[in-house]
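Visitor: Can you keep this structure in mind? I'll have questions shortly.
The values are calculated or read from the model by the stated rules, or taken from the named source; none is laboratory data. Source: prediction; values computed, not measured. We place every Cβ from the backbone using ideal geometry, glycine too, and count neighbours over all the protein chains shown. These area figures cover heavy atoms from the full protein model, side chains too; ligands, DNA and RNA do not enter into them. Shrake-Rupley method; radii C 1.70, N 1.55, O 1.52, S 1.80 Å.
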Amino acid sequence: MRYLILAPTALFLGLATPVCAEESTQWHYTMGIHDFIVEQENSHTFGANGNIIIEHTTASDIYLSAVLDMFIDIDTDKLDPDHIPMWFKSEYAALGELYRFSPELSLGWQVDLQGKRNTVSSVEKQAKLFPGLTANYHGQQTQAQLKAGAGYYFLEIDDDVPRTRGYDRGDFGNSEFAYTVMGSFGFDLTPKINLNLAAQTWNDGDQWLENQYRFTMSYDTDYWEKGSQWLLYVEHTEYNLDPYAKVSVNSPNYLPILPWDNDTLVRFSLVVPW
């Protein structure tokens, strides 16, 4: 699991470092504030965050990106009594074009690797590795994408809260071969403001594993520094806790591994070229 997170980091840093002066490689960093919400517990965890974004286009027009996030929480609710108030996200992508139907419409391929660790909502470790196909539309003022893929899904729940609910070692992790479908739609509200909505689901063929809904609003601030922008990002995630059940979910003795099954990240950041 550690290799899945560290290996792509080393790959992207090794790729980008010797060519960081070239126009094909771009570095950004962000600074911002966030609220991590667990609605079922009426919990709001505020904090500060930052990340590094690396984007590179190879000579064969393959686009590579890496996003490494760190969040520092002011954890007053203590949903997990032993929680360390710092957590991490990572997203890596490689994508290319298979066929272009028109200047606006194309068919492509994409490989995504996403990770998450130590959230206040008791996600201890998560990894999702999914290659897939994409249908892409990029007009003058609107953008859309449909993506479908199959790959590896892993989610491990932190042990502290589950132990109080009768769960023990061996009950906390779930790994599956799974499928994913994602749809997104974006449009330029003004020449400087872009809105984007996306929905994605992961399913193992028998049941859904996770649903995620994302909203992004960006405001370009080229007048301040070229390539900079304000970014409002909302990510709502729903988790299916049934795969962790020790007894039948229809049993009167069934108690889910966690007393909540969703969380929401609201994040406001300044993105600056490096």
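Visitor: Does at least one position in the stretch 148-161 carry a residue that is open to solvent by 60 Å² or more (accessible area, probe 1.4 Å), within 23 Å of residue 254 (Cα to Cα) and part of a strand (DSSP E or B)?
Guide: Taking the stretch 148-161 first, the residues open to solvent by 60 Å² or more (accessible area, probe 1.4 Å) are 152.
If we keep only those that are within 23 Å of residue 254 (Cα to Cα) too, we end up with none.
The answer is no; no qualifying residue exists.
Visitor: Select from the stretch 200-213 the residues that are open to solvent by 40 Å² or more (accessible area, probe 1.4 Å) and either in contact (Cβ under 8 Å) with a residue 12 or more places away in the chain or touching a strand residue (DSSP E or B) at 6+ places or on another chain (Cβ under 6 Å) (or both) and list them in ascending order.
Guide: Matches in the stretch 200-213: 201, 203, 205, 207, 208, 213.
Visitor: Go through the stretch 27-52 and count every residue that is hydrophobic (A, V, I, L, M, F, W, C), open to solvent by 20 Å² or more (accessible area, probe 1.4 Å) and under 11 Å from residue 263 (Cβ atoms).
Guide: Residues flagged as hydrophobic (A, V, I, L, M, F, W, C), open to solvent by 20 Å² or more (accessible area, probe 1.4 Å) and under 11 Å from residue 263 (Cβ atoms) within the stretch 27-52 amount to 1.
Visitor: Same structure again: Residue 68 - would you say it is more than 30 Å from residue 141 (Cβ to Cβ) and out of contact with any Pro (no Cβ under 9 Å at 6 or more places or on another chain)?
Guide: So residue 68 passes the test.
Visitor: Could you check the stretch 108-122 and list, in sequence order, the residues that are free of Cβ contacts under 8 Å to residues at least 60 places away in the same chain and open to solvent by less than 60 Å² (accessible area, probe 1.4 Å)?
Guide: Passing the criteria: 108, 110, 111, 112, 114, 116, 118.
Visitor: Could you list, in sequence order, all residues of the stretch 220-252 that are of a type in the set (Asp, Glu) and either without any contact (Cβ under 8 Å) to a residue 40 or more places away in the chain or open to solvent by less than 30 Å² (accessible area, probe 1.4 Å) (or both)? Even if it seems obvious, please write down each step before you answer.
Guide: Kept after step one, since they are of a type in the set (Asp, Glu), are these residues of the stretch 220-252: 220, 222, 225, 235, 238, 242.
220, 222, 235, 238, 242 - these are the residues of the stretch 220-252 that are of a type in the set (Asp, Glu) and either without any contact (Cβ under 8 Å) to a residue 40 or more places away in the chain or open to solvent by less than 30 Å² (accessible area, probe 1.4 Å) (or both).
Visitor: State all residues of the stretch 243-274 that are under 30 Å from residue 216 (Cα atoms) and among the charged types (D, E, K, R); if no residue qualifies, say none. Spell out how you get there, then give the answer.
Guide: Initial filter on the stretch 243-274 (under 30 Å from residue 216 (Cα atoms)): 258-274.
Residues satisfying the conditions are 261, 263, 267.
Visitor: I'd like to know if the stretch 174-190 contains one or more residues that are in a strand (DSSP E or B), polar (S, T, N, Q) and without any contact (Cβ under 8 Å) to a residue 40 or more places away in the chain. Lay out the reasoning, then the answer.
Guide: Kept after step one, since they are in a strand (DSSP E or B), are these residues of the stretch 174-190: 174-188.
Keeping just the survivors that are polar (S, T, N, Q) gives 174-175, 180, 184.
Filter once more, so that each one left must be without any contact (Cβ under 8 Å) to a residue 40 or more places away in the chain: 175.
Checking the stretch 174-190: at least one residue is in a strand (DSSP E or B), polar (S, T, N, Q) and without any contact (Cβ under 8 Å) to a residue 40 or more places away in the chain.
Visitor: Could you tell me how many of the residues in the stretch 74-88 are touching a His at 6+ places or on another chain (Cβ under 8 Å) and either surrounded by 17 or more Cβ atoms within 10 Å (Cβ to Cβ) or farther than 22 Å from residue 160 by Cβ (or both)? Walk me through it before giving the result.
Guide: Our first condition is that a residue be touching a His at 6+ places or on another chain (Cβ under 8 Å); within the stretch 74-88, this holds for 75, 77.
If we keep only those that are either surrounded by 17 or more Cβ atoms within 10 Å (Cβ to Cβ) or farther than 22 Å from residue 160 by Cβ (or both) too, we end up with 75.
So the count comes out to 1.
Visitor: A further question follows. Given the criteria open to solvent by 40 Å² or more (accessible area, probe 1.4 Å), under 24 Å from residue 186 (Cα atoms) and in contact (Cβ under 8 Å) with a residue 24 or more places away in the chain, does residue 55 qualify?
Guide: For residue 55, the condition - open to solvent by 40 Å² or more (accessible area, probe 1.4 Å), under 24 Å from residue 186 (Cα atoms) and in contact (Cβ under 8 Å) with a residue 24 or more places away in the chain - is met.
Visitor: Now for a separate question. Kindly state which strands (runs of 3 or more DSSP E) lie completely within the stretch 24-76 and contain at least 3 residues that are under 12 Å from residue 266 (Cα atoms).
Guide: So the answer is 25-38, 43-57.
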